[in-house]
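The values are calculated or read from the model by the stated rules, or taken from the named source; none is laboratory data. The model shown is predicted, which means the values in this text are computed figures rather than measured ones. Every residue, glycine as well, gets a Cβ built from its backbone with ideal geometry; the counts of neighbours run over all protein chains shown. We work out accessible area using only protein heavy atoms, side chains counted, and drop any ligands, DNA or RNA first. Shrake-Rupley method; radii C 1.70, N 1.55, O 1.52, S 1.80 Å.
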Amino acid sequence: MYLDPEDERILAGEQGETKAKMLELLVALGKVFGAGRLVPIRSAQVSGASYKTIGEYGLQWLSSLDARAVVPAVLNPIGMPRGRWQEMGVKEDFARKQQAVVAAYERLGIGLECTCTPYYLRETSYGDHLAWSESSAVSYANSVIGARTNREGGPGALAAALIGKTPCYGLHLAENRKPQVVIRVQADTRDWSIAHFGALGYHTGRLVGNRIPFFSGINPDSDQLKGLGAAMAATGAVALYHVEGVTPEAVKIPYDLSGLETIPVESDGILQLFKDMPVEAVAVGCPHCSPAELATIAGLLSGKLVSKPLYVFAAQGVIDKNLRTVDSIEKSGARVFADTCMVVSPVMEQYSSIMVNSGKALAYVPDMCGALARIGTIEECIAVATE
Ligand code: F3S
């Protein structure tokens, strides 16, 4: 693999042991995947941030590192809202350990915006090379923005943040971004919500596995694309998809679809996921809410009070720019929390059933929270939370 003179000096230890080890990791990854070189990245997004998922061993490893990020980098959601963990009911022992994880990342120069929607906070553009690791963020960056990132593991993304480069293979290369299967949606989707597109992703992810799907017959907006991609990355391993006439590469690049398997998808397989079931809590914002989603929630809650816990998750930067909307949501008794989510926070394990409006959360809540999951539209979620 080609390394430039500065890389060689880093490998020789001129910038410290941590950077030498991080570059060794990137070179090893590159060799495994056949990368010919490293490519400079515009930003990194680093998973392995919740103490719930990395535990004591992960914390010790992070604490042993000594270097600073050289490109903008943010953390994935952690197990609690940093400023309001007591209010969320996080136990002190967990909070202390989570704070130690956050402090370790801060020392490494990783931004403490703990979010799976970094694209709301920092401009990310078509063609940018990135090293992002949370699967829904990766899907959004590749598919909706047209940036280029593989789904990095936490250490790979951290190494890329500290070096400013990542191995150039996989989805960094145009030839690997072509559609591999056509999904022909045969349903009237004009009235579909974010939850319906999440359910479509939940259903489709199982059909396509890790192939790159090309959708026809749908016209989702950006929040619906976010829900579609997040769910496909959860039930499948889809890091990039295209939507005819909608996503940037499908619009700009005349992909040849001839010879590809075509899978028809009808509404039955989607609608049967919407089951009626009593729930103990409602949680929305998977992936973290956009400003438009917060405004919708505020409108639906106007003049109402919640009768069961309603959690709304969003990036702190999005909350800060929409404080009146957030205040209006919280007047109902709902809580808008930053930094965390219904999947990575241990607090959600207290419930035996949770309603969500996300195909990804529908897939993850049973295993990660030990709770039954019900999917509904945002209107249905708010109705259940306020009934
Ligand atoms: Fe984000 Fe948590 Fe969902 S990290 S995509 S809100 S599972």
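The figures follow:
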{"read-out": "Search result, residues across region 182-207 that are touching a Ser or Thr at 6+ places or on another chain (Cβ under 8 Å) and among the acidic types (Asp, Glu)", "value": "ASP188"}
{"read-out": "Which numbered condition TYR105 misses (of (1) open to solvent by 60 Å² or more (accessible area, probe 1.4 Å); (2) without any contact (Cβ under 8 Å) to a residue 60 or more places away in the chain; (3) not aliphatic (A, V, I, L, M))", "value": "(1)"}
{"read-out": "Cβ pairs under 7 Å, 6+ apart, first in region 16-32 and farther than 19 Å from VAL46 by Cα, second open to solvent by 40 Å² or more (accessible area, probe 1.4 Å) and charged (D, E, K, R)", "value": "GLY16/ASP66"}
{"read-out": "ALA141 vs. criteria more than 24 Å from LEU65 (Cβ to Cβ), in contact with a Ser or Thr (Cβ under 8 Å, 6 or more places away or on another chain) and either within 16 Å of the ligand (Cβ to nearest atom) or open to solvent by less than 30 Å² (accessible area, probe 1.4 Å) (or both)", "value": "yes"}
{"read-out": "Residue within region 148-156 that is within 16 Å of the ligand (Cβ to nearest atom), of a type in the set (S, T, N, Q) and at pLDDT 95 or above present", "value": "yes"}
{"read-out": "Where a residue in region 34-46 is over 16 Å from SER133 (Cα atoms) and its partner, wherever it lies, is open to solvent by 50 Å² or more (accessible area, probe 1.4 Å), with Cβ under 7 Å and at least six apart", "value": "ALA35/MET1; GLY36/MET1; GLY36/TYR2; ARG37/MET1; ARG37/TYR2"}
{"read-out": "Hey, LEU300 away from the ligand (no atom under 15 Å from the Cβ), in contact with an Asp or Glu (Cβ under 9 Å, 6 or more places away or on another chain) and open to solvent by 30 Å² or more (accessible area, probe 1.4 Å) or not", "value": "yes"}
{"read-out": "Residues within region 19-36 that are in contact with a Leu (Cβ under 8 Å, 6 or more places away or on another chain) and not in a helix (DSSP H, G or I), tallied", "value": "1"}
{"read-out": "Qualifying residues in region 317-370 (those that are in contact (Cβ under 8 Å) with a residue 60 or more places away in the chain, in a loop (DSSP other than H, G, I, E, B) and among the hydroxyl-bearing types (Ser, Thr, Tyr)) - the one farthest from the ligand (Cβ to nearest atom)", "value": "SER352"}
{"read-out": "Scan of region 301-316 for residues that are part of a helix (DSSP H, G or I) and in contact with a helix residue (DSSP H, G or I) (Cβ under 8 Å, 6 or more places away or on another chain), ordered by number", "value": "LEU301"}
{"read-out": "Of all residues in region 203-251 being within 16 Å of the ligand (Cβ to nearest atom) and not in a helix (DSSP H, G or I), the one that is nearest to GLN186 (Cα to Cα)", "value": "TYR241"}
{"read-out": "Looking only at region 303-316, and only at residues there that are more than 16 Å from the ligand (Cβ to nearest atom) and either under 23 Å from the mean Cα position of the chain (by Cα) or not charged (D, E, K, R) (or both), the one that is nearest to PRO287 (Cα to Cα)", "value": "PRO309"}
{"read-out": "Where ALA49 falls short, out of the listed (1) at positive phi; (2) within 16 Å of the ligand (Cβ to nearest atom)", "value": "(1)"}
{"read-out": "Total residues in region 61-108, condition in contact with a strand residue (DSSP E or B) (Cβ under 8 Å, 6 or more places away or on another chain), more than 21 Å from GLU17 (Cβ to Cβ) and of a type in the set (A, V, I, L, M)", "value": "5"}
